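J.: Quick one: the structure is below, and I'll ask about it shortly.
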Amino acid sequence: MIEIQDFLRTLATNSGFWNPLIWGIIIFIALLIAYIIRGRGKKEYKKQTEQTKVFLSGNPELEKEEMHVKASNVYWGFMESFKWLYNGLEKMHTGNVSDYILWFVIILGIFFIILGVI
Amino acid sequence: MLELEQIIRTVMIIILSTVALAFFGIFFGLIYKGIDRKISAHMQGRIGPPLRQPFRDVGKLFTKENIIPENAVPWVFNLAPLIGLVGTISILLYLPIGGFQPLASVEGEIIFGDLILILYLLMIPSLALVIGGFASGSPYATVGAQREMATMIAYEFPLAIIIITVAWKLGSFAAGGLGVENAFTLTAITANPIWNAVGPLGLIGLILLLIVLIVVTPAELSKIPFDAPEAETEIGGGLLVEYSGRNLAMFYLTDAVKTVVMASIIVALFFPYNLSPLFGLESYPAYIIDFTFFLIKILIIIIFSVTLIRVAVARLKIDQIVYTYWVPLTLIALVGLICIMWDGTMMESYGWPKIAELLGFI
């Protein structure tokens, strides 16, 4: 049978600690406080009116498919700022197995040179 | 082995401190928001709103309609602001606030969480914003949420380097480390100020890490120049565009509490000093003076990392944000890490002294 003391034990690695149960208590109390604070606010609004329409700075609302923002857009910042890197990498990815093996041999050669020198 | 009485006592302390710290975080978060607005207004040659304006803003939002857009997923849309505030409040329990030990490490013997846990918890408010943005069903909010995700991925890298470096310096037995037990816990970090452990090279390294952490802070808080996820002028508020009334007020409070949290982390890592030992004070006078000193430290950090930066610099584009964090700031953080590593080697091999020893502090 699990003792209550074991149940409350902090999970520890050699350097990390975390006690899920204590965090659970904190979250529960904090949720209660936040819920009470939120409850002080007004909850009504006018359903099915202009105010529930999506805000598009006055532009007309198109079909949902046409307004959809692609998930790949998340990476736009990375693709744009590291264009110089991706352009080089894209050229390397030819899809040719011979090229793949060639890269494998080159990298293996570099490793051997490094290991040999060290 | 924990006794039942001790468990009940611990749980009671946790419950009471959660309530106390929630109100501390919200109250002082809003006060600091007011001070930030006042100072930035003066820097721009304006009078600015009164210090209590953030309280009025929250009050006003509570009287406004809480509109749920027809395209939104209502329960996620309503839950996200709550999760954001709750997650942020929970971090306060693991931080040393006002010169006291973290409240979630009662009596210093039992440890309930450490710096790695705080790193994870810091993601909750940002993720709440992202989830809320996606649940809004608006293209502007979706773009904002995607930008917030990209920003998070970008700043976590230098932030992790800083945290690991500080804990490694304290915990390592090799290369000038202090060999402190449980180096990732805030109790250990505040008890062994990092500045006392370094020589000349390490001092340069620490200054570099502090600069990087100060630049990471505005991104954590979605403040200019890293506020592309909200960017009022191009995506009309981004992930908050569809939020109004009490839900928006919850995000407003989350932002206020998170400002205190981020400043407290910087205080704990780099400025854990108290005034009471200097004056030989004990008990309540010591608590009062340490708490006041803590509030002043928080204020100074907020002025440097939020107010000054946001007034002085214009908003960056999302690709510029990613580049800033992944290239210059990560490189600066790595240089800081290497300086601290070599500093230990110099101490061991050539007997370089610690700065604190030279100044007679230790």
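Taken together, the values in this text are just the output of simple stated rules run on the coordinates, not laboratory data. Everything quoted here is computed from the prediction, not taken from an experiment. Please note: Cβ atoms are built from the backbone with ideal geometry, for glycine as well, and neighbour counts cover all protein chains shown.
J.: With each run of n ≥ 4 DSSP H residues scored as -39500 (n - 2.57), what mean residue ellipticity at 222 nm is computed for chain B after dividing by its residue count and rounding to the nearest 500 deg cm²/dmol?
T.: Dividing the helical sum by the residues of chain B leaves -22000 deg cm²/dmol.
J.: Could you tell me what % of all Cα pairs in the protein assembly as shown have separations over 43 Å?
T.: 22 percent
J.: Neighbour counts of other C-beta atoms within 10 Å: give me A:Lys46, B:Lys169 arranged from fewest to most.
T.: A:Lys46, B:Lys169
J.: Any idea what angle helix B:200-220 forms with the longest principal axis of chain B, computed on alpha-carbon atoms, 0 to 90 degrees, nearest 10?
T.: Rounded to the nearest ten degrees, it is 10.
J.: Run the numbers for B:Tyr350 and B:Ile288: contour at 0.36 nm per residue of separation, minus the present Cα-Cα distance, in nm.
T.: Once the chain is fully extended between B:Tyr350 and B:Ile288, it gains 17.9 nm.
J.: Note down the Stokes-Einstein diffusion coefficient of the range B:277-333 in µm²/s, whole number, using a Kirkwood radius over alpha carbon pairs, 25 °C, and 0.890 mPa s.
T.: 168 µm²/s
J.: Taking the Cα atoms only, what angle lies between the long axis of helix A:97-117 and the longest principal axis of chain A, rounded to 10 degrees?
T.: 80 degrees
J.: I need B:Ile35, B:Ile68, B:Ile14, A:Ile26 ordered by Cβ neighbour count within 10 Å, fewest first.
T.: In increasing order of surrounding Cβ atoms, one gets B:Ile35, B:Ile14, B:Ile68, A:Ile26.
J.: Any idea what diffusion coefficient chain A gets from Stokes-Einstein, in µm²/s, Kirkwood Rh on alpha carbon pairs, 4 °C, 1.567 mPa s?
T.: The diffusion coefficient I find is 56 µm²/s.
J.: Give the relative contact order (percent, whole number) for the range B:4-358; include only Cα pairs under 8 Å separated by 6+ residues.
T.: RCO, the range B:4-358: 27 percent.
J.: Could you give the angle, 0 to 90 degrees to the nearest 10, between helix A:20-39's Cα long axis and the longest principal axis of the Cα atoms of chain A?
T.: 50 degrees
J.: Quick check on the exposure proxy: order A:Glu66, B:Glu70 from fewest to most C-beta atoms within 10 angstrom.
T.: With the sparsest Cβ surroundings first, the list reads A:Glu66, B:Glu70.
J.: Given a cut-off of 19 Å, what percent of all Cα-Cα pairs of the range B:159-234 lie beyond it?
T.: 45 percent
J.: Among B:Pro96, B:Ala145, B:Val335, whose Cα lies farthest out toward the positive end of the dipole of the range B:4-358, if unit charges sit on the beta carbon of Lys, Arg (+1) and Asp, Glu (-1)?
T.: The one lying farthest along the dipole's positive direction is B:Ala145.
J.: Also: Report the Cα centroid-to-centroid distance between the range B:196-258 and the range B:304-323 in angstrom, as an integer.
T.: Cα centres, the range B:196-258 to the range B:304-323: 9 Å.
J.: Given R₀ = 56 Å, what would the calculated FRET efficiency be for A:Asn59 paired with A:Phe28, taking r from the Cβ atoms and rounding to 0.05?
T.: Using R0 = 56 Å, I get an efficiency of 0.80.
J.: For the range B:44-135, build the convex hull from the C-alpha positions and give me its volume per residue in Å³.
T.: 185 Å³
J.: Among the listed pairs B:Lys60/B:Lys258; A:Lys42/B:Lys317; A:Lys43/B:Lys33; A:Lys42/B:Lys223, give every one whose C-alpha distance is greater than 31 Å.
T.: A:Lys42/B:Lys317
J.: Now for a different question. Compute from the Cα atoms of the range B:4-358 the Rg and the Dmax, the latter being the longest Cα-Cα distance, and quote both in angstrom.
T.: Radius of gyration, then largest Cα-Cα span, for the range B:4-358: 21.0, 70 Å.
J.: Another question, then. Based on the Cβ-Cβ distance from A:Phe111 to A:Trp84, what FRET efficiency comes out when R0 is 41 Å, to the nearest 0.05?
T.: 0.95
J.: Under 1.5 on a/c is rounded, so check that first for the range B:210-362, then, if it is not, pick prolate when a/b is larger than b/c and oblate when it is not; a ≥ b ≥ c are the square roots of the alpha carbon gyration tensor eigenvalues.
T.: Oblate is the answer for the range B:210-362, as a/c is 1.5 or above yet b/c matches or exceeds a/b.
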